[in-house]
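Structure, as structure tokens:
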Amino acid sequence: MKFNTKTIHGGQKPDKAYGAVMMPIYQTSTYAQRSPGDHKGYEYSRTHNPTRTALENALASIENGNYGLAFASGLAAIDAVLKLFKSGDEVISTNDLYGGTYRLFTKVFEDFGIKFHFVGMNDITNVEAYINQNTKLIWVETPTNPMMNIVDIKAVAHIAKQNKLLLAVDNTFATPYLQQPLALGADIVMHSATKYIGGHSDLVMGGLVVNDKELADKLYFIQNASGAISSPMDSFLALRGIKTLHVRMQRHCENGKAVAEYLKTHPKVEKVYWPGFEDHPNHLIAKTQMNDFGGMLSFVTKGDNYEQTVKIIENLKIFTLAESLGGVESLAGHPASMTHASIPKEERKKIGIVDSLIRLSIGIEDVDDLIADLEQALGK
Ligand code: P1T
């Protein structure tokens with residue numbers, strides 16, 4: 001089955017009870033048992049729920065993996081991955097990543113004795129320098145949030161395999177429409193399904209997909225034991241979102257390209273971060289491992305002036321100033337004060353998150369309106 005068919009049919013069958021074509025919302029916490037332990041496969045909704053099962057199967061299908069797991073948020077999914085490890089273990093992570101992931105690593109799991117090394121992975125030889133006998137996991141975000149750096153997944157997977165480490169890839173920005181990390185050698189794919197998977201800014205959810213049965217069983221155990229599961233209603237919404245993922249992503253990519261090219265020639269713009277440009281440092285890797293370049297981009301204006309940046313953001317009319325990304329509507333964000341405020345300023349500066357950086361999540365509106373909106377906001 002090809003991807004554009006999988007989004008609609010992958011892992012999904014009409015519901016067994018009445019043949020409903022759309023998986024119903026099984027809004028129940030528990031299930032009747034005929035006799036102790038004699039039930040229809042469902043006992044309690046933290047452990048399993050038919051709507052969540054359908055979503056987990058759909059997630060596995062679109063990522064070309066064997067096992068899917070749905071969580072209450074992207075961070076809950078990452079939290080479950082980190083619970084595979086114990087005090088003394090070490091993790092090597094991309095140094096440019098969602099601020100909340102950085103916060104979870106450094107403010108929660110560091111207190112439990114897990115050590116993190118944040119490394120620039122534009123050059124993946126940097127990774128090898130941090131591997132020792134305690135290293136257990138390489139955590140990669142690509143494209144990174146918000147600097148749009150690209151990590152060569154195949155090359156990192158090679159290093160992970162050689163050293164018997166797990167490789168997890170946060171595929172939130174790319175989605176499986178653009179990039180399928182398991183096929184490139186990753187062990188775990190993670191999603192903030194809040195974003196493109198849901199696609200309509202109406203839910204908060206996380207997802208994991210893996211191929212290995214033993215790893216899947218450990219994660220299912222953690223999912224049930226810790227209990228940060230996605231609700232039946234949110235699972236239903238995400239299932240619905242997945243059905244249009246391919247058409248939405250196609251338009252996100254077209255609009256993203258047009259806006260990136262427009263901004264690049266704007267006299268007030270200093271630099272645009274978008275992996276589709278030939279002068280992007282890892283453009284060739286992006287071209288190889290992704291099918292297109294996505295709908296996310298960041299830019300800085302000339303003079304690196306915070307007040308001017310705030311004015312531009314305030315002047316936008318179609319773009320909404322808001323956290324999050326990946327919905328049908330266009331959003332603008334200010335990483336330094338919003339999504340990445342939990343990263344210390346010195347660390348932010350090192351990776352390019354300056355006070356004039358604006359991040360755009362390009363929606364699927366008419367691109368002429370989006371460019372006109374940027375034109376009037378930048379012009380003022
Ligand atoms: O928000 P949540 O569903 O818990 O997902 C966390 C997360 C994980 N990984 C990436 C790459 C993300 O972008 C996010 C969430 N990001 C935002 C809310 C944001 O505006 O960047």
Which numbered condition residue 161 misses (of (1) open to solvent by 70 Å² or more (accessible area, probe 1.4 Å); (2) touching a Pro at 6+ places or on another chain (Cβ under 9 Å)): (2)
When residues of the stretch 259-290 are limited to those that are surrounded by 15 or more Cβ atoms within 10 Å (Cβ to Cβ) and among the aliphatic types (A, V, I, L, M), the one farthest from residue 198 (Cα to Cα): 269
Of all residues in the stretch 49-82 being surrounded by 17 or more Cβ atoms within 10 Å (Cβ to Cβ) and in a loop (DSSP other than H, G, I, E, B), the one that is nearest to the chain's Cα centre (by Cα): 73
So residue 118, is it at pLDDT 95 or above, in the same structural domain as residue 189 (by TED's automatic domain parsing), more than 11 Å from the ligand (Cβ to nearest atom) and within 22 Å of residue 273 (Cβ to Cβ): yes
Any hit, the stretch 97-118, residues being of a type in the set (A, V, I, L, M) and farther than 19 Å from residue 75 by Cα: no
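Which one is farthest from the ligand (Cβ to nearest atom) among residues in the stretch 359-380 that are under 15 Å from residue 259 (Cβ atoms) and not in a helix (DSSP H, G or I)? Can you show your working first?
Residues of the stretch 359-380 that are under 15 Å from residue 259 (Cβ atoms), as a first pass: 359-378.
Among the residues that remain, those that are also not in a helix (DSSP H, G or I) are: 359-366.
Working: 359: 8, 360: 11, 361: 8, 362: 14, 363: 14, 364: 18, 365: 19, 366: 24 Å.
The residue in question is 366.
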Any hit, the stretch 189-201, residues being more than 18 Å from residue 238 (Cβ to Cβ) and not aromatic (Phe, Trp, Tyr): no
Identity of the residue in the stretch 170-201, under 13 Å from residue 252 (Cβ atoms) and not in a loop (DSSP other than H, G, I, E, B), that ends up farthest from the ligand (Cβ to nearest atom): 177
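For (1) over 20 Å from the mean Cα position of the chain (by Cα); (2) away from the ligand (no atom under 16 Å from the Cβ), each residue gets a yes or a no:
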residue	(1), (2)
89	yes, yes
102	no, no
122	no, yes
147	no, no
Filtered residues of the stretch 297-321 (kept if within 13 Å of the ligand (Cβ to nearest atom) and free of Cβ contacts under 8 Å to residues at least 60 places away in the same chain): 320, 321
Among (1) within 13 Å of the ligand (Cβ to nearest atom); (2) surrounded by fewer than 24 Cβ atoms within 10 Å (Cβ to Cβ); (3) assigned to a strand (DSSP E or B) - the single one residue 137 does not satisfy: (1)
Boolean, residue 356 is under 18 Å from residue 199 (Cα atoms) and either touching a helix residue (DSSP H, G or I) at 6+ places or on another chain (Cβ under 6 Å) or within 14 Å of the ligand (Cβ to nearest atom) (or both): no
Residues that are without any contact (Cβ under 8 Å) to a residue 24 or more places away in the chain, under 30 Å from residue 180 (Cα atoms) and surrounded by 16 or more Cβ atoms within 10 Å (Cβ to Cβ), drawn from the stretch 1-48: 48
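The values are calculated or read from the model by the stated rules, or taken from the named source; none is laboratory data. All of these numbers come straight from a predicted model, not from anything done at the bench. Positions of Cβ are generated from backbone atoms using ideal geometry, with glycine treated the same way; all protein chains shown enter the neighbour counts. The accessibility values were calculated without ligands, DNA or RNA, using every heavy atom of the protein model including side chains. Shrake-Rupley method; radii C 1.70, N 1.55, O 1.52, S 1.80 Å.
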